[in-house]
Structure formats: structure tokens, C-alpha cells
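Heads up: the structure comes next, in C-alpha cells.
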Amino acid sequence: MKASIVLYTSDLRLHDHPPLRAATREAEEVVPLFVRDPGIEKAGFTAPNRAAFLADCLAGLDAGLRERGGRLVVRAGDPVRIVRELVGSTGAERVHVAAGLSAYARGRADRLRTALEGTGAELVEHEAVVTALQPGELVPGGKDHFAVFTPYHRQWSAQPLREPLAAPRALTVPSGVRSDAVPRRADVEGVSPGLAEGGEAAGRALLAAWRRDGVSRYEEMHDDLAGDGTSRLSPYLHFGALSAAECVHRVRAAGGAGADAFVRQLCWRDFHHQVLAARPAAAHKDYRPRGDHWRTGRSAEREAAAWREGRTGYPVVDAAMRQLAHEGWMHNRGRLLAASFLTKTLYLDWRLGAAHFLDLLADGDLANNQMNWQWVAGTGTDTRPGRVLNPLTQARKYDPEGDYVRRWVPELRGIEGRAVHEPWKRPAGEREGYPRPLVDLAEGRDRFRRAREKG
Ligand SMILES: Cc1cc2nc3c(=O)[nH]c(=O)nc-3n(C[C@H](O)[C@H](O)[C@H](O)COP(=O)(O)OP(=O)(O)OC[C@H]3O[C@@H](n4cnc5c(N)ncnc54)[C@H](O)[C@@H]3O)c2cc1C
């Protein structure tokens, strides 16, 4: 076959990439294509941190392809029109794409299939590569998805995974195919100063280091806020710079309790994807409505603003929110605490919090963000929807020396040890400029419980 096109979407890598593998095997020339789609950009998915991370991923993909004799072709516009045009100019007979999980991606594939009719080229839609297992691959009897994690995890763990594919050694891009400049991180404004470097090479290096030095301690370290003992692989997985299936394979091969605990988290990722794929409305609507009447009005808005700024007066919540602003990433325990505080202590709508997270998270995606928010708010798949995380008890447990708080809340650096979690008990001089608590924890908790009883 003379030429094939590979349409990249959220799978920005060379390794373990079934569409690229198929194209390089069958065709003499391959067009690796990424289209900057205004449809996606308009929907708000290109917040600055993700736009910057995406730019790194595209630059990395281009560099990796160049090492192999090729290059990345970047265009802006409607992907269907651009693919059709490239089929015409290159004589490509096949267009390879990995199945997407969203309604938008499914619609794009349908439009592509129709647009290619009569051109002599066909669309080859490969299995989805965002998750380790496909959403819908495992279903409980008579249902379209798993609503509870534990039985899903049991089946998921017993299911064989496909073997990861190697990256192609070489490829040739047809001459004369025009490309826009590959976007650069430096051109994106409003990026968090501590945002990690994106791209497949950075992701693979992180995974290798994680297997070598991190994963064996994951079980005891994963909740230690100051210890920062999680993998930080989430944004690479989000952009597909790393394959979830390959991560599972490689980490399972390392073996041990840490590996099991880590792989279980990757299963959570698949779990949320299969929930959202079956119930797309859960991105915005309660998965399990609890009759909530979330607080609104002036004081609610003021409290939401304080939460966003990391000025709630609860140091561990504020530290987490400031980490998010600085790094475009937040520790999972921080996410749990910040989300519980907003929804259950302040009794504010989870959608407010989810939107703020999506504005900043480099790994922000609808399935994991919205379904985790719903889990914490008790409107999702948590089997204990009424649980309220007490930020003080949690801080003493997961930041026992107070180091995480002092790292992110400079106003409190003068307070030693765990006393930093209760700055209101200290003289004003030791907490200069740091606010008093927005709300009394017991009052907040009781307000939430009363509201849920009424609902
Ligand atoms: C309110 C809230 C919002 C969240 N929003 C997102 C989001 O937008 N995108 C996102 O990828 N994760 C989200 N998470 C899940 C989790 O916090 C992050 O995946 C994790 O903190 C990323 O850090 P890590 O890569 O070091 O994780 P590790 O602890 O090293 O875990 C390994 C991988 O497992 C996956 N994972 C871990 N925990 C979860 C989980 N609870 N749900 C789904 N996948 C998980 C991630 O892909 C992660 O990279 C959210 C959690 C909460 C409570």
C-alpha cells in the first residue's frame, strides 16, 4: 500500500500505538496527523495548563517521529475536512484512528467514515487506547456498566490485557505534505509556574524511575501529603503520552504490594471511564441525585472564592488549593480533602469545584474529574455517600509534621510541627495575613447532614 494516515487524538505517543503500528506495517508512507480542532478548543478543554502540556506532547511526538525519519503534521480546522484533503493529495488508502470514548469522538468517526465514502480510502477504527480495558468490555449481568468499584476491580484484575506494542523503528512521510508549526509551550499564557514537562519521553522516564524507586513504597506512602510518594503519571496518561495498558504491564512485572496498590488506582481510572461512557450526562448531572439544594447567594459565592484562592482558614485545604494553582496538579489526598470541604463542609455544588479543577489540572478530564467529584459529593458511586472528611483529623493523619502545609502556605512557616494545622490557636504574629476559618467544622457537617436528611 502506498500511503496511510494516522489521526492522533488523545493518544500522543509512538509506543503501544495500534493505529501507528498498523499504518507503518501496511504502507510505504505514513502521515501522522494531529488536528487542532476548534470544536474542542471552544468547549474549554484547552485551559492553559493543558494547552502547555499538549504543546510539549506534540513537540515530543514530532521529535520522536523525526528520529525515525518522519515528522508530525499539524493542522488547524475541521479534522474531517483536513483528512479528506490529505487523502486526496497523498492517495492514502486507509485512515487509522483509535476509538474515542466521548460522544464527540464517536460523531467525528462517523463523519469521517461518511466523508471517505467514494474516495477510495477507508476508515480503520482501532480499539480505544485511553484506558487499559475498553469501557463496556466488562459488564455485570443485565447492566451496561459497573456502578460499584469492588466487583469491577475483581473482574478487571482477572482480565488479560493486550501485550504492549513497540514503537516503529522508521517511517517515511510523503513529501510535500504541509504542516503548521508545532505549538510551543512558550506561546501559552497563564501557565502554572510549577507545571511538569509533558511529552512521551518525559513520561517514559518518569515511569522508569517510578518502577525503579517509587512503586515499592507506594502502599505506605500514597497518602503521605508531604512525602509526595505517588507517581505523578496522571497528565501523561491523560494525553496518551503513556499507555495505561503498558503501565499496568510494566508495573505488574515489578511485583509486590506497592505494584498491586498502584495498579488498583489505574483500575479506578478505567472504572470512572466506563461509568461516564455509559452515562455521559453524569459529566454535569448527579449520577445518584440526593435531593441537594446546594447553597447559593452572596456568602456562598464569597466562600467559593476563598476556597479557590486557598484562603478557607483550614491550612491543609488551603495548601492543596495552592499546590493546584502552582503546579497544575494536586495530591490525591489533597483533592479528596478540598472536594469534601467544598461540598460537605461548605455545602456548595460539586460542579463549582469540578469546574475550577478543570481550569487548572493538567490531568483534568471529564471522566476522572467529574466522577471523582461526584464520588466525594456523595452523588456518585461512593457506597458511603454521607461520609464527611474532617480536615483537621485528616491533616493530623496525612501531614503529621505539618510539612505539606508549610511548603504551600508561607504565612504559617513560623509555626512548628502539627500546631500548624490549628493556626487560630496561635498568637496573631505567627499567622500574619492568614485568615480565620470560614466555618466551624461541626456546624458545617451538621448543616450537610440535615440537608441530606431533608433531601
Ligand atoms: C476531586 C477529585 C478530582 C480528580 N480529578 C482527576 C482528573 O481530572 N484526572 C485524573 O486523572 N485524576 C483525577 N483524580 C484522581 C486522582 O486524584 C489523580 O489521578 C491522582 O492524584 C494523580 O496523581 P498520580 O499520577 O501521582 O497518581 P497515583 O497515585 O500514582 O496513581 C496512578 C494513576 O492511577 C490513576 N488514579 C489514581 N487515583 C485515581 C482515582 N481516584 N480516580 C481515577 N484515576 C485514578 C491516575 O491515572 C494516576 O496517574 C481526582 C480525584 C479527586 C478526589
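General remarks:
- A protection proxy built from the mean count of other Cβ atoms within 10 Å ranks the segments 386-395, 317-326, 134-143, most packed first, as 317-326, 386-395, 134-143.
- The alpha carbon centroids of segment 366-400 and segment 167-193 are separated by 38 Å.
- Counting protein heavy atoms only, the chain has 50 percent of its accessible area on carbon and sulfur, 1.4 angstrom probe.
- Couplings 3J(HN,Hα) of segment 126-131, computed from phi: 8, 4, 5, 10, 5, 10 Hz, in residue order, whole Hz [Karplus 6.51 cos²θ - 1.76 cosθ + 1.60, θ = phi - 60°; x for Gly and Pro].
- Residues in segment 171-185 carry Karplus couplings, in order, of 7, 10, 9, x, 6, x, 7, 7, 9, 6, 5, 5, x, 10, 4 Hz; the curve used is 6.51 cos²θ - 1.76 cosθ + 1.60 with θ = phi - 60°, and Gly or Pro positions show x.
- Accessible surface calculations at 1.4 Å, restricted to protein heavy atoms, place segment 141-200 at 61 Å² per residue.
- Rounded FRET efficiency, nearest 0.05, which uses the C-beta distance separating residue 2 from residue 387 and R0 of 45 Å: 0.15
- Area accessible to solvent at residue 26, 1.4 Å probe radius, in Å²: 40 Å²
- The Stokes-Einstein estimate for the chain, based on a Kirkwood radius over Cα pairs and taken at 25 °C with 0.890 mPa s viscosity, is a diffusion coefficient of 105 µm²/s.
- Rolling a 1.4 Å probe over the protein heavy atoms leaves residue 397 with an accessible area of roughly 140 Å².
- For residue 404, the solvent-accessible surface computed with a 1.4 Å probe is close to 0 Å², ligands and nucleic acids excluded.
- Surface exposure of segment 9-103, expressed per residue as accessible area with a 1.4 Å probe, stands at 36 Å².
- The overall shape of segment 209-328 is oblate: from the C-alpha gyration tensor, with semi-axes ordered a ≥ b ≥ c, the ratio a/c is 1.5 or greater and a/b is no larger than b/c.
- Relative contact order (%) - criterion: Cα under 8 Å, at least six apart; region: the chain: 17 percent
- Cα centroid separation - segment 235-264 against segment 1-75, whole Å: 22 Å
- Nearest-0.05 FRET efficiency for residue 212 and residue 442, computed from C-beta distance (R0 45 Å): 0.45
- From helices alone, the chain scores -13500 deg cm²/dmol at 222 nm; the rule is -39500 (n - 2.57) for each run of n ≥ 4 DSSP H residues, then divide by the residue total.
- For segment 361-455: Kirkwood Rh in Å [reciprocal of mean 1/r, alpha carbons]: 15.8 Å
- Across segment 149-278, Cα pairs under 8 Å and at least six residues apart give a relative contact order of 30 percent.
- Hypothetical label at residue 89: residues of segment 165-194 whose amide nitrogen lies under 16 Å (7 Å Cα-Cβ projection): 173-182
- Taking all protein chains into account, the per residue accessible area for segment 229-361 stands at 33 Å² (1.4 Å probe).
- With Cα atoms, 0 to 90° folded angle of helix 350-360 axis to the chain main axis: 60 degrees
- Where labels lie 7 Å past Cα in the beta-carbon direction, separation of residue 181 and residue 157 in nm: 5.1 nm
- Amide H contacts of residue 36 (H built 1.01 Å from N, under 5 Å, at least 5 apart or other chain): 75, 76, 77
- Rounded to 10°, Cα long-axis angle of helix 298-309 versus longest principal axis of the chain: 70 degrees
The values are calculated or read from the model by the stated rules, or taken from the named source; none is laboratory data. These numbers were taken from a predicted model, which means no experiment stands behind them. Backbone-built Cβ (ideal geometry, glycine too); neighbour counts: all protein chains shown. Just so you know, the surface numbers come from the protein's heavy atoms only, side chains and all, with ligands and any DNA or RNA stripped out. Shrake-Rupley method; radii C 1.70, N 1.55, O 1.52, S 1.80 Å.
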